[in-house]
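Data first, discussion second: the structure below is written as structure tokens.
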Amino acid sequence: MKKLTALLSTLALCVCVSAQDGKFGYIDFNETLKRMPEYAVAQDTLRHIEEEYTQEIERSDTEFYRQYMEYIHGQKLMSASILQKRQKELQQLYDGSMEFKKIAKDSLDAERLRLLEPIQRKLSNTISRIGKKRGLDYVIDIKSGAYLYINNDRGIDITQEVYKSLGIKEK
């Protein structure tokens with residue numbers, strides 16, 4: 001339903017603009033991104049990193065479970081001070097595991113951004129270059145309706161007029 005709504009909105013926008021003799025282009029940004037060879041390499045790298053983190057998390061979880069089961073099965077035989085020590089150890093192990101999971105997620109997110117941002121920038125620059133070359137007024141993403149390229153030479157900056165109409169003072 002979202003795709004249909006986005007497509008209909010895009011088509012309606014295109015009809016309105018074409019009535020004003022504007023030239024536009026369109027592309028499915030994400031589909032094009034996924035077809036770029038660099039994207040496949042980045043995805044493979046991310047998959048490998050994610051597998052490493054997953055293995056370490058599973059190892060950590062297994063160790064926690066093993067120690068927890070030892071604690072549960074042996075607690076009747078342990079003195080109060082040993083029980084307290086083991087509880088602290090389990091809590092530290094659990095806290096460390098949770099912290100590592102957060103670090104792993106943050107690191108994976110940062111690596112994803114580091115790897116994909118240049119690929120996205122390359123695609124955006126290519127879209128802009130082709131938009132200029134073809135004399136387009138703008139290029140839109142057919143999935144999101146986002147403007148990927150806008151020819152500023154053909155547009156009119158209405159910022160000051162909007163400020164005045166809304167009573168916004170310039171800084």
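General remarks:
- Residue match in region 99-116 (condition: at pLDDT 95 or above and farther than 30 Å from VAL41 by Cβ): yes
- Considering the conditions (1) more than 30 Å from PHE24 (Cβ to Cβ); (2) at pLDDT below 95; (3) open to solvent by 50 Å² or more (accessible area, probe 1.4 Å); (4) part of a helix (DSSP H, G or I), LEU77 is excluded by exactly one of them, (4).
- Number of positions in region 114-171 that are assigned to a helix (DSSP H, G or I), of a type in the set (Asp, Glu) and open to solvent by less than 80 Å² (accessible area, probe 1.4 Å): 1
- Unique residue being of a type in the set (A, V, I, L, M, F, W, C) and either free of Cβ contacts under 8 Å to residues at least 12 places away in the same chain or open to solvent by 70 Å² or more (accessible area, probe 1.4 Å) (or both) when the list is ILE57, ILE27, ILE82: ILE82
The values are calculated or read from the model by the stated rules, or taken from the named source; none is laboratory data. Computed from a prediction, not measured in an experiment: that's the story for all the values here. So basically every Cβ, Gly included, is an ideal-geometry build from the backbone, and we count neighbours across all protein chains shown. Only protein heavy atoms, including side chains, enter the accessible area calculation; ligands, DNA and RNA are left aside. Shrake-Rupley method; radii C 1.70, N 1.55, O 1.52, S 1.80 Å.
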